[in-house]
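The structure under discussion appears below in the form of structure tokens.
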Amino acid sequence: MSANIEKFIIGLPKAELHLHLEGSLEPEQMFEFAGRNKIDIPFKSIDEVKKAYEFSQLQDFLDIYYTGMNVLQTEQDFYDLTANYLRKVASENTKHVEVFFDPQGHTERGVEFKTAVTGIHNALREVGGELGVTSKLIMCFLRHLDEASAVATLEDAAPFKHMIMGVGLDSSELGHPPSKFERVFGLAKEQGYKLVAHAGEEGPVEYIYEALDLLRVDRIDHGNRCMDDPKLVARIAEEKIALTICPLSNLKLCVVDDMSDHPMKKMLDAGLIATINSDDPSYFGGYMNDNYLSTAKALGLSIDDLIQLARNGFIGSFLEQDEIDGYLAQIDDYVAEFNS
Ligand code: ADE
Ligand code: ZN
């Protein structure tokens, strides 16, 4: 890859639409929080943690991800976690983020909904404000739990509705189809939440149809498997449903065998609003720029492809149209300056 493309990616204004805050917990912070909260973790050193990050499928990762999040106990922990992530993305010229958290991953172990949401919200507002990074917050239901637990979580969220833009669906995909959550997504839609769901990461194309037809999502998280079904690709393009694709995550979780097999270029060529995101950057070896760089390198993406990807990040966001237009103008200005 030319040094020019690398430089272009680094300065490009970007949006991240698929990021689990708990997946941005760096090993150093895991030890810091474990120490201050007196929580036992099954690792003796940062090196040992990093060595454990070898996965052959989604569940391998999830087991470690849920262990890692045990260190998050206080509002300050959630604040510091979010602040650390924001500082990192700001340094990479990511201008807008729409981030997930997993309330049930915390309430199930005795940490209150309020503790997590307040810490995250305050950091997004204060630190995001200082750094000039705008944000939206999305709470995800854990699909390996039952729908009643998701409904209870939606009820927990009611007093904090002004802090939360949308609801999502994550965790173990296979065996937990979107149809399991039709009722709670219906309730969330009635309450005015935006809707997203992980679908077609490991799961089959039918799960993407269910997310669209039963959950009535505004955006699909991952969605890689749509490429198995040309009719579905045409529909997603026609309906302008954005896909939040996570290239390094796909590689680490063996959704693709090699980055050169990644469908990103085919997605762009099919007219999909495909976006680049980092998913769980601390576990998958890279934040936004690493995801852009590795995809560009493996697939030989052009400057025009990269501009389209960055534009898609804002176009697929839950920002208001005038805000999207403002960010697209920033991309135009950047490109004009880069070429001058
Ligand atoms: N939770 C965190 N990251 C996830 C992913 N990539 N898929 C499903 N659930 C997740
Ligand atoms: Zn994800």
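The values are calculated or read from the model by the stated rules, or taken from the named source; none is laboratory data. Values in this document were obtained by computation on a predicted structure and should not be read as measured data. All Cβ positions, even for glycine, are placed from backbone atoms using ideal geometry, and neighbour counts span all protein chains on display. Just so you know, the surface numbers come from the protein's heavy atoms only, side chains and all, with ligands and any DNA or RNA stripped out. Shrake-Rupley method; radii C 1.70, N 1.55, O 1.52, S 1.80 Å.
Just the residues that are within 16 Å of ligand 1 (Cβ to nearest atom) and either under 17 Å from Val99 (Cα atoms) or in contact with a His (Cβ under 7 Å, 6 or more places away or on another chain) (or both), please, taken from the range 200-235. Selection gives Gly200, Glu201, Val217, Arg219, Ile220, Asp221, His222. Being under 15 Å from Glu173 (Cα atoms) and among the hydrophobic types (A, V, I, L, M, F, W, C) is the filter here; which residues of the range 190-214 pass it? Selection gives Val196, Ala197, Ala199, Val205, Ile208, Ala211. When you look at Thr244, is it within 13 Å of ligand 2 (Cβ to nearest atom) and closer than 27 Å to Arg125 by Cα, yes or no? Yes; evaluated as a whole, the condition is true for this residue.
Quick grid of which residues meet (1) away from ligand 2 (no atom under 16 Å from the Cβ); (2) open to solvent by 30 Å² or more (accessible area, probe 1.4 Å); (3) assigned to a helix (DSSP H, G or I):
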{"position": "Glu16", "(1), (2), (3)": "no, no, no"}
{"position": "Glu28", "(1), (2), (3)": "yes, yes, yes"}
{"position": "Ser56", "(1), (2), (3)": "yes, yes, no"}
{"position": "Met69", "(1), (2), (3)": "no, no, yes"}
{"position": "Lys88", "(1), (2), (3)": "yes, yes, yes"}
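Taken over the range 203-223, residues that are touching a Cys at 6+ places or on another chain (Cβ under 9 Å) and either polar (S, T, N, Q) or at negative phi (or both) amount to 4. Looking for something more than 15 Å from ligand 2 (Cβ to nearest atom), outside any strand (DSSP E or B) and among the β-branched types (Val, Ile, Thr) - is there at least one such residue anywhere in the range 222-233? Yes, the conditions are met somewhere in the range 222-233. The listed residues are Pro247, Pro204, Pro230, Pro263, and the only one of them that is more than 30 Å from Glu155 (Cβ to Cβ) and open to solvent by 40 Å² or more (accessible area, probe 1.4 Å) turns out to be Pro230. When Asp63, Asp102 are screened for being within 16 Å of ligand 2 (Cβ to nearest atom), closer than 23 Å to Ser149 by Cβ and free of Cβ contacts under 8 Å to residues at least 40 places away in the same chain, only Asp63 passes. The set of residues from the range 236-257 being more than 16 Å from ligand 1 (Cβ to nearest atom) and on the phi > 0 side of the Ramachandran plot comprises just one member, Lys240.
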